[in-house]
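> Questions regarding the structure given below will be posed in turn.
We did not get these values from a lab; they are worked out from the coordinates using the rules stated. For clarity, every value in this text was computed on a predicted model and none was experimentally measured. Cβ sites come from the backbone with ideal geometry, for glycine too, and all protein chains shown count toward neighbours.
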Amino acid sequence: MKKLCALLAMFLAAVLWGFAFSAQSSGMKFVGAMQFVALRSIVGVMALTVVIAVGDLVLHKRITLWGAAANLPARRSLISGGLLCGVAISSASIFQQLGLLYVSAGKTGFLTALYIIMVPLLGIFCKRRTSVLLWGAVVLALSGAYLLCGGVAHIGIGEVCVIICALLFAVHIMLIDHFAKECDCVRLSCVQFMAATVAAVIASLIFREEWVWNKIVASLPFWVYCGIGSSAIAFTLQMFAQKHLHPASAALLMSLESVFGVLGGWLFLNEMLSVRELGGCGIILFAVILAQLPDFRRKNQD
């Protein structure tokens with residue numbers, strides 16, 4: 001039952017993330033990239049604080065600060081994990097927002113999905129085994145990205161920002177894989193978005209983004225959706241799912257966010273991809289699936 005719930009949680013997270021690309025793209029018409037990340041993150045903190053309070057009242061009949069983190073090592077793990085995840089996710093989100101200034105929501109979704117291939121590649125530095133299939137998936141993913149971007153000559157600052165975003169999301173996934181097994185997922189997610197809020201506000205001030213009240217109000221539906229749906233709900237669902245799913249299963253479901261990103265761009269922004277770009281999307285999706293096959297094989301051998 002836990003595995004089934006985890007599968008459903010990961011699928012729902014992919015849907016929320018996919019449709020968030022359209023909201024992010026629309027919100028960027030009013031506010032800056034770092035400002036948008038700060039706004040959605042603070043909404044995520046508020047939503048998760050309510051969830052934590054309700055959960056404590058149901059389970060413990062009182063609100064607690066640390067929850068299950070009863071001893072000092074557990075609290076240190078919660079804080080350090082939340083801070084590291086927060087810095088990673090705020091950096092990734094900022095680069096993604098910057099990319100959306102130049103790249104469509106659908107294309108951003110598929111380029112972001114490259115993080116699923118980057119995760120096992122980063123695992124090389126942790127002395128994890130790789131395979132011929134993984135390297136084949138890397139070649140396919142690069143070919144798909146080439147078609148999606150229209151060739152090397154057409155890779156602009158937007159595409160570069162989204163690829164950097166994918167790398168940072170890969171780092172974020174590895175951090176979650178390490179800390180989620182040790183911490184309360186909801187509290188870890190809340191600390192994560194607290195850190196992300198602070199990091200995004202500092203970055204916004206450093207780069208002198210204008211905080212205009214009318215523009216913030218105009219973009220409210222977009223950052224509220226991203227804060228509650230894509231941030232608070234989806235990333236908490238991800239942490240819960242990664243506790244109970246094999247990494248390959250989680251990654252395959254997460255890759256569906258790129259499909260829902262294209263669907264959302266078509267439904268809400270009237271975005272259309274060319275035949276070449278659709279071909280690139282298909283190749284990237286196939287590469288993402290191929291990259292997970294070695295994990296399934298090793299699981300069966302075990």
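> Where does the range 144-211 land on Rg/Rh, using Cα atoms and the Kirkwood Rh?
1.12
> Along the principal axes of its C-alpha atoms, what lengths does the range 175-253 span, in descending order and rounded to whole Å?
45, 24, 20
> Pairs Lys61/Lys181; Lys29/Lys107; Lys3/Lys243; Lys2/Lys61; Lys2/Lys243: which are spaced more than 20 Å apart, C-alpha to C-alpha?
As for pairs spanning more than 20 Å Cα to Cα, those are Lys61/Lys181; Lys2/Lys61.
> Could I ask something else about it? Work out how much length Ile202 to Ala53 would gain on full extension: take 0.36 nm times their residue separation and subtract the Cα-Cα distance, in nm to one decimal.
The Ile202-Ala53 span can extend by a further 50.8 nm.
> Compute the FRET efficiency between Ser80 and Met272 as 1/(1 + (r/R0)^6), taking r as their Cβ-Cβ distance and R0 = 41 Å, and round to the nearest 0.05.
Working from the Cβ atoms, E equals 0.35.
> Next up: How big is the shadow of the Cα convex hull of the range 122-265, averaged over all directions, in nm²?
Result: 11.4 nm².
> Just subtract the alpha-carbon distance of Ala218 and Ser143 from 0.36 nm times their residue separation and send over the number in nm, one decimal.
Between Ala218 and Ser143, full extension yields 23.1 nm more.
> What order, most packed first, do the peptides 61-73, 267-279 have when packing is the mean number of other Cβ atoms within 10 Å of each residue?
267-279, 61-73
> Which part of the range 164-188 falls in the paramagnetic zone of Trp66, meaning amide N under 20 Å from the point 7 Å along Cα-to-beta-carbon?
179-188
> Further, regarding this structure: What percentages make up the Cα-Cα pair-distance distribution of the range 73-125 when the bins are 10 Å wide from 0?
Bins of 10 Å from zero give 20, 36, 32, 11, 1 percent of pairs.
> Which whole-number percent of Cα pairs in the range 2-301 have a distance greater than 23 Å? Mind dumping the intermediate values first?
On the way: 24125 of 44850 pairs.
When all Cα pairs of the range 2-301 are counted, 54 percent exceed 23 Å.
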